[in-house]
Amino acid sequence: MPGISVVSPNQQELIYGLHNIKARHHGCVLTVGSFDGVHLGHQQVLQQVQAQAAALNLPSVAMIFEPQPLEFLVPDKAPARLMRFREKIQALFAAGIDRVCCLRFNHTLASLTADEFVEQVLVHKLGVRHLVVGDDFRFGSDRQGDFELLLAHGGASGFEVCSTDTFTINGERVSSTRIRQCLADGDFTLASQLLGKPYTITGHVEYGKQLGRQLGLPTANVKLHRFRSPLQGVYAVRASLPNYPNLVGAANIGLRPTVNGNDKVVLEVHLLDFNDTIYGQLLTVEFCHKLRSEKKFASLDELKQQIQMDVQSTRDYFQGIV
């Protein structure tokens, strides 16, 4: 979505790209981060930003980067995304933020020193009056910038800097990393607690290779639109469509090794007792229970038998919790 500035109906605004920061955007209360998942810890930070923005009568702004820095710098070590870009923007707006400023992370931005980033982006472009970040926040080329440097710049340039409070549940810090581990472990109950809502993936249903239909078990295919998936395997899921809010199904997230193993992870959902044509519709999938890990079968017949068992396991799971 490069080169755009979008205003939502309630005047919340997405600013994409440094060049789209205009004079009218000067003056704000800002926080900076990846905000992957927009979990309860993030929401506490965003509430702190909004409270300060209200006190100063200024817009609240969340700055994010696309791609995320590690995806650009060391893609092999970049963590899986909990949500796609569009979902993150929607979640930040739903949390009450006035503006989301998304900077394209490229060689130019990566090469800025910490001092240059503060002066060129925070002071000159955004006119930050108050900055909310964690006391372990690092930024600038080689991550040389830290909280103490921000305090020094703030004193010289006239903006205040405050740190965020650590948000914990049961004595443990809430973080995107911890949520990814919960998902990998199949602990969707704890993941939901940390997120403040069930973990879902949303996307439009697209045409696939129709293999599921040939096997007698049609699937809805959804592109993940992310660098890497935090889930891989077969799951019992709840699902919803615009006209069908209460569906259940069996979902596979993986590389489909039996069919055409490749390096592109896909989401396929077989909706139980449902045969309507839904191409192009927005499907929301809530992950409830892990049935098994993905595996390669010797034949399509073996795969079909396993899928039928997965469907029965899904029925058993939902019947057991009614």
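In this rough spin-label picture, where each label sits 7 Å from Cα along the Cβ direction, the Phe167-Val74 distance is 2.7 nm. If only the Cβ of Lys and Arg carry +1 and only the Cβ of Asp and Glu carry -1, the dipole of the chain around its Cα centre is close to 720 debye. In order along the range 51-61, phi translates into HN-Hα couplings of 5, 5, 5, 5, 5, 9, 6, 10, x, 8, 10 Hz, rounded to whole numbers, per the Karplus curve 6.51 cos²θ - 1.76 cosθ + 1.60 with θ = phi - 60° and x for Gly and Pro. Can you give the FRET efficiency to the nearest 0.05 for Phe85 and Asp146, using r as the Cβ-Cβ distance and R₀ = 30 Å? Efficiency for this residue pair is about 0.65. Taking amide H positions as modeled 1.01 Å from N, with prolines and chain starts lacking one, the residues under 5 Å from Phe227 and 5 or more places away or on another chain are Arg81. Near Gly127, the amide H atoms lying under 5 Å from its own belong to Gly27; only residues 5 or more places off or on other chains count, and H is placed 1.01 Å from N. Judged by the mean number of other Cβ atoms found within 10 Å, the most tightly packed of the peptides 270-281, 113-124, 81-92 leads the ranking 81-92, 113-124, 270-281. With the charge dipole of the chain set up from +1 on Lys and Arg Cβ and -1 on Asp and Glu Cβ about the Cα centre, the Cα lying farthest toward the positive end among the listed residues Gln12, Val234, Thr31 is that of Val234. In the chain, taking the dipole from charged Cβ atoms about the Cα centre, the farthest positive-side position among Pro59, Leu149, Thr200 is held by Thr200.
Of all DSSP bridge pairs formed entirely within the chain, close to 65 percent run antiparallel.
Phi angles of the range 62-76 translate, via the Karplus equation with coefficients 6.51, -1.76, 1.60 and θ = phi - 60°, into HN-Hα couplings of 10, 9, 10, 10, 9, x, 5, x, 5, 5, 7, 7, 9, x, 5 Hz per residue; Gly and Pro are given as x. For the range 142-207, relative contact order (Cα pairs under 8 Å, six or more residues apart, normalised by length) works out to 15 percent. For the chain, the solvent-accessible area of protein heavy atoms averages 49 Å² per residue (probe radius 1.4 Å; ligands and nucleic acids excluded). Using a probe radius of 1.4 angstrom, the carbon and sulfur fraction of the accessible surface of the range 9-156 is 51%. Across the cross-link table entries Lys223/Lys296; Lys223/Lys290; Lys88/Lys296, which are compared at the Cα atoms, the separations over 27 Å belong to Lys88/Lys296. For the range 1-137, a crude dipole built from +1 on the beta carbon of Lys and Arg and -1 on the beta carbon of Asp and Glu, taken about the Cα centre, is about 440 debye to the nearest 20.
3J(HN,Hα) along the range 152-160: 5, 5, x, x, 7, 9, x, 10, 8 Hz, from the Karplus curve 6.51 cos²θ - 1.76 cosθ + 1.60 with θ = phi - 60°, whole Hz, x for Gly and Pro. For the pair Ala184 and Ser34, label points projected 7 Å from Cα toward Cβ lie 1.2 nm apart.
Taking Rh as the Kirkwood radius computed over C-alpha pairs, what is the Stokes-Einstein D of the chain at 10 °C in a medium of viscosity 1.306 mPa s, expressed in µm² per second?
On the way: Rh = 21.5 Å.
Approximately 74 µm²/s, per Stokes-Einstein.
Between Leu267 and Val222, Leu224, the built amide H atoms are under 5 Å apart, and every one of these is 5 or more places off in sequence or on another chain.
The values are calculated or read from the model by the stated rules, or taken from the named source; none is laboratory data. Please read all numbers here as calculations on a predicted model, not as lab measurements. Methodologically, a virtual Cβ is constructed for each residue, glycine included, from the backbone with ideal geometry; neighbour enumeration extends over all protein chains shown. Areas reflect the complete protein model, heavy atoms only, side chains present, ligands, DNA and RNA absent. Shrake-Rupley method; radii C 1.70, N 1.55, O 1.52, S 1.80 Å.
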